[in-house]
Every structure is written in structure tokens, then in C-alpha cells.
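Everything below concerns the one structure shown next.
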Amino acid sequence: MPPKDPLSVTFSALADPTRRDILNRLRRQPLTVSDLAQHYPMSRAAVSQHLSVLERAELVRRNRRGQWIDCSITPASLDEAAQWIEQQRAAWNERLDRLQDYLSAAHPPANAPSEPAEDPPTNPPPETSSQEGEEQ
């Protein structure tokens, strides 16, 4: 059974590369089905079926102009999909930031000192007495 919620319908429509290409072409200007069909190695009826999927997802609208049918993009569904993607991105970035904080606290990097380095003590070299050398 095909998905029913609007977001699933939108993503399902966007899953096909031909439909994504159709949206890219319509982004520039409205086109007729015939204009679109000449860009693909498929029949005009097949392009029309792709357009029907995009219409169900409310990504494309067809408008009759005399004997011609113009197709144009309707960005509202794309905006909803983009908003959902951005929410997911924000949530995952937050999770990854928390994971990075946890890992940094649990396992500090090997090259980072845990305490400030102290200067090594500077003791003068031991003095050798001339008597020690003479006793041997």
C-alpha cells in the first residue's frame, strides 16, 4: 500500500531521478508535457505519469492554456520536506555534539596534557672532589 502522509508522498515522489530532473527543469520556467518529454528517452505518456506522481505530492501543478497544458512547480511541499530535513539535521548535530563531549571527557586525546607541564628541576651537576680521583 502506498504511503498516505504528505511527507512520505513527497519523499516517494522525489525518490525517482527523472522526477527530480523534471522539477529542476520546471524550476526555471513552466513547460508543457511535450516540452518536458523531449528531454527523456521515454514516451510522452510516461512523462505524464511522472507528472501525475509529482501532482499527487503537490510538487507540480498542471494548468490548461487553450490546447496546451503548462506544468509549473509548487514549492509548498518542498518547503515542508526541507523543514523536516532541517529538523532532523539539527537533532543529529546535537546528538553528535553530545557524543563528542562525552568521548572527549572519557578519553582525552593522547597528545593533550591533563595537567600543565612543569619545568624539570635544575639541579647543578654533582661536584667531584679531587680527592676521590686520588684515592683510586
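The values are calculated or read from the model by the stated rules, or taken from the named source; none is laboratory data. Please read all numbers here as calculations on a predicted model, not as lab measurements. Note that we place each Cβ from the backbone using ideal geometry, even for glycine, and neighbour counts take in every protein chain shown.
Here are a few things to note about the model shown:
- Checking each residue in the stretch 11-33 for being in contact (Cβ under 8 Å) with a residue 12 or more places away in the chain, outside any helix (DSSP H, G or I) and not hydrophobic (A, V, I, L, M, F, W, C) picks out 16, 30, 32.
- Those residues of the stretch 17-72 which are among the hydrophobic types (A, V, I, L, M, F, W, C) and within 20 Å of residue 5 (Cα to Cα), in sequence order: 51, 53, 54, 57, 59, 60
A quick yes/no check of all residues on (1) closer than 21 Å to residue 8 by Cα; (2) assigned to a helix (DSSP H, G or I); (3) within 23 Å of the chain's Cα centre (by Cα):
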residue: 35; (1), (2), (3): no, yes, no
residue: 39; (1), (2), (3): no, no, no
residue: 42; (1), (2), (3): no, no, no
residue: 47; (1), (2), (3): no, yes, no
residue: 51; (1), (2), (3): yes, yes, no
residue: 62; (1), (2), (3): no, no, no
residue: 77; (1), (2), (3): yes, yes, yes
residue: 84; (1), (2), (3): yes, yes, yes
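- On the stretch given as the stretch 53-69, residues that are at pLDDT 95 or above and among the β-branched types (Val, Ile, Thr) total 2.
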